[in-house]
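K.L.:
Structure provided below as structure tokens; questions to follow.
The values are calculated or read from the model by the stated rules, or taken from the named source; none is laboratory data. Here the structure is a predicted model, which means the values were calculated and not measured. When we count neighbours, we look across all protein chains shown, and the Cβ atoms used for this are built from the backbone with ideal geometry, even at glycine.
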Amino acid sequence: MPTIYLIRHGQASFGAADYDVLSEVGEQQSKVVGEELARRGVRADQAWSGTLSRQRATAAACLPVAGIDAPCREDPRWNEYDLDALLLGYLPELDIDPATAAASPKEFQKLLERAMIAWSESGEPVGAAGTWRAFCDAPCQALAEVFDNLGRGGTGLVFTSGGVISAICASLLGLAAEGFLAVNRTMVNASLTKVVRGSLGTSLVSLNEHAHFEGPNRELLSYR
């Protein structure tokens, strides 16, 4: 049956002027996940990424290490939600001080989750992602198309973001917005999520695999 590995991008530059750039740790993580794919003997027929720099850079660092020479095609449906637009749109009504939220990843996560719940309930578009429903539906549609193109027994790699992977998992598991958040908050940078399609439909086989960041690589484990 066809298989798709959803790969979260390596650590971006949280707190920097341009978040959409891999950090030094993110570069290393991208190579380590490539080593993990090589260890598993994954031979991909297709590779995809969103158009964001951190997604494309993860693919560029990972694929050579994995020994995969398939060209990496881009599709904006694999892009993450627009974080800046989300926070600008919902910070005033949530009455949270962004300076306080930015002081630590934990506080930032609380802010983000409250903003996302508000987005999911509003029905209003936020940035390029559009409405909550549009954001969740787009990667599911892209996933179905990749499966269609893979044919029987093919393997695809998709370099994307935690929110996108969480949206797909929530759809496959029948989870509401709160379930999406429960998945999303635990997503590890450069983790692997495996999805297959068989006679009974599309199924989630594994979620957020990150054993490649245990043992000697444990210092590379990060969530944001």
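K.L.:
Taking the stated definitions as given, is Tyr19 assigned to a helix (DSSP H, G or I), among the aromatic types (Phe, Trp, Tyr) and at pLDDT below 95?
P.N.:
For Tyr19, the condition - assigned to a helix (DSSP H, G or I), among the aromatic types (Phe, Trp, Tyr) and at pLDDT below 95 - is not met.
Every residue, every condition in (1) surrounded by 17 or more Cβ atoms within 10 Å (Cβ to Cβ); (2) farther than 25 Å from Leu37 by Cβ; (3) in contact (Cβ under 8 Å) with a residue 12 or more places away in the chain, yes or no:
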site: Ala142; (1), (2), (3): yes, no, yes
site: Asp148; (1), (2), (3): no, no, no
site: Phe159; (1), (2), (3): yes, no, yes
site: Gly162; (1), (2), (3): yes, no, yes
site: Ala167; (1), (2), (3): yes, no, yes
site: Leu172; (1), (2), (3): no, no, yes
site: Thr186; (1), (2), (3): no, no, yes
site: Asn189; (1), (2), (3): yes, no, yes
site: Leu192; (1), (2), (3): yes, no, yes
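K.L.:
The conditions are (1) among the basic types (Lys, Arg); (2) surrounded by fewer than 18 Cβ atoms within 10 Å (Cβ to Cβ); (3) closer than 18 Å to Thr160 by Cβ, and Arg54 fails exactly one of them. Which is it?
P.N.:
The failed condition is (2).
K.L.:
Ala103 fails exactly one of the following numbered conditions: (1) at pLDDT below 90; (2) closer than 22 Å to Ala167 by Cβ; (3) part of a loop (DSSP other than H, G, I, E, B). What is the number of that condition?
P.N.:
(2)
K.L.:
If you don't mind, there's one more thing I want to ask. Run down Val33, Val65, Val42 and say which single residue is in contact (Cβ under 8 Å) with a residue 12 or more places away in the chain, surrounded by 20 or more Cβ atoms within 10 Å (Cβ to Cβ) and either outside any helix (DSSP H, G or I) or of a type outside the set (Lys, Arg) (or both).
P.N.:
Result: Val33 is the single residue among Val33, Val65, Val42 that is in contact (Cβ under 8 Å) with a residue 12 or more places away in the chain, surrounded by 20 or more Cβ atoms within 10 Å (Cβ to Cβ) and either outside any helix (DSSP H, G or I) or of a type outside the set (Lys, Arg) (or both).
K.L.:
From the list Asp82, Asp69, Asp45, Asp75, which one is acidic (Asp, Glu) and modelled with pLDDT of 95 or more?
P.N.:
From the options Asp82, Asp69, Asp45, Asp75, the qualifying one is Asp75.
K.L.:
Let me ask something additional. Hey, can you tell me all the residues within segment 68-90 that are free of Cβ contacts under 8 Å to residues at least 60 places away in the same chain, in a helix (DSSP H, G or I) and within 20 Å of Ala144 (Cβ to Cβ)?
P.N.:
Pro76
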